[in-house]
Amino acid sequence: MSIEQVARQVIDCWESHNLNKVLGILTDDFVLTGPAPQPLPKEAYAVFQSVNVKIAERILKTIGIKIPRTSVLKSARSPLV
């Protein structure tokens, strides 16, 4: 699979609100560079995203936006949490 195909698959899974599928696509040696203060390996990325999801869920709930049950906000679970 090409890099572009992997990127498109990750984006499709993210847009369908399924963090677990995103994590399944990423290789074990995946490292996120960018928004974190230091590079994050896959397991740390999963924790980072699950925390962000919990914060986003609280913010949306506070302003009265209901979150669909299939949303990444409900299904994101880190293997480390």
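Every read-out reported here was derived from the displayed coordinates using simple, explicitly stated rules and does not represent laboratory data. No experiment lies behind these values; they were computed from the predicted model shown. Positions of Cβ are generated from backbone atoms using ideal geometry, with glycine treated the same way; all protein chains shown enter the neighbour counts.
Below is a table of values for the structure above.
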| item | result |
| --- | --- |
| Positive minus negative residues near L32 (Lys, Arg vs Asp, Glu; Cβ under 13 Å) | -1 |
| For Q9, net neighbour charge (Lys/Arg +1, Asp/Glu -1) across residues whose Cβ lies under 13 Å away | -1 |
| Counted charge near K42, where neighbours are those whose Cβ lies closer than 9 Å (Asp, Glu -1; Lys, Arg +1) | -3 |
| Burial ordering of L40, L19, L32, fewest other beta-carbon atoms within 10 Å first | L32, L40, L19 |
| Span per principal axis, largest first, for the Cα atoms of the range 3-75 (Å) | 38, 27, 16 |
| Two-site FRET efficiency, S2 against A56, from Cβ-Cβ distance with R₀ of 25 Å, rounded to 0.05 | 0.20 |
